[in-house]
């Protein structure tokens, strides 16, 4: 694969700690790519399985006069990053070449202490959905630029919903990055439950697809957002069984639903207690507890 002059659309680049799961607390550089195949409008709703009752403030929000994503509020209902896939926010996105994006990522975390070097900083590709075909191409090109610079991240995460099939070029690329460049690739897979996100099981739960990720990375986690309802826990049990049957033995992490600090606090303790009683790892959105309801943290 050669780097191209193709341009790619992304929502934001920022520098922060990882707030969820295995790498929680790690200094991390972030690239949020645009577009997703799921919407997750059920998050935070009284009945995630009944779209007729949904409250979706992002649909009614007038963003025409805005110039920056950071001017958007964090909505309590629906996907907490709807700005990274909804067409109504496309005028707030950025389009650049992979070389330009690679340079912007490094510039974002450069300071007097690291001199713009990667050192032990963790790279996180998120979205949207960072394993869609255009995003696979974009992220491979970005990594190749850093390889050419001979200064690159040794720890890389894709935050995926687990529905996208990796292309053969992508698989070969990450095998080479692991074996020749020493990069540890981590897949943070967050399948969306019908009783929480409102996405149908047929569309959102793809154990056989996630099993294909094992071809290029044995490191990963299954991270489920739950709302504490019995229907949710029952669905979780059957879903985990399907992933185990497909050969995906990654650790299970549980997070309470809630895009805002206030939303999480409604049930975070109860969800945590029920999760660890079942033997699962417990996560939260640490960045929201630290910096509040903001985009870009």
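Quick note: the coordinates plus some simple rules give every number you see, no bench work behind them. Computed from a predicted structure; not experimentally measured. Note that we place each Cβ from the backbone using ideal geometry, even for glycine, and neighbour counts take in every protein chain shown.
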Legend entry - Overall form of the range 2-45 per C-alpha gyration tensor (a/c, 1.5; a/b vs b/c): oblate
Legend entry - Rg/Rh for the range 1-126, where both radii come from Cα atoms and Rh is the Kirkwood radius: 1.02
Legend entry - the range 113-272 - convex hull of alpha carbons, volume per residue in Å³: 132 Å³
Inset, instruction - Under a 10 Å cutoff between Cα atoms, tell me which one of 75, 174, 113 has the largest fluctuation in the Gaussian network model of the chain. - result: 113
Legend entry - Order of 16, 188 under a 10 Å beta carbon neighbour criterion, fewest first: 16, 188
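So, by mean Cβ neighbours within 10 angstrom, what's the order for 77-83, 195-201 with the highest one leading?
In decreasing order of mean packing, 77-83, 195-201 become 77-83, 195-201.
How big is Rg to Rh over the range 7-291, alpha-carbon atoms, Rh as the Kirkwood inverse-mean-distance radius?
Ratio of gyration radius to Kirkwood radius for the range 7-291: 0.95.
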Legend entry - Length-normalised contact order of the chain in % [C-alpha pairs under 8 Å, at least 6 apart]: 22 percent
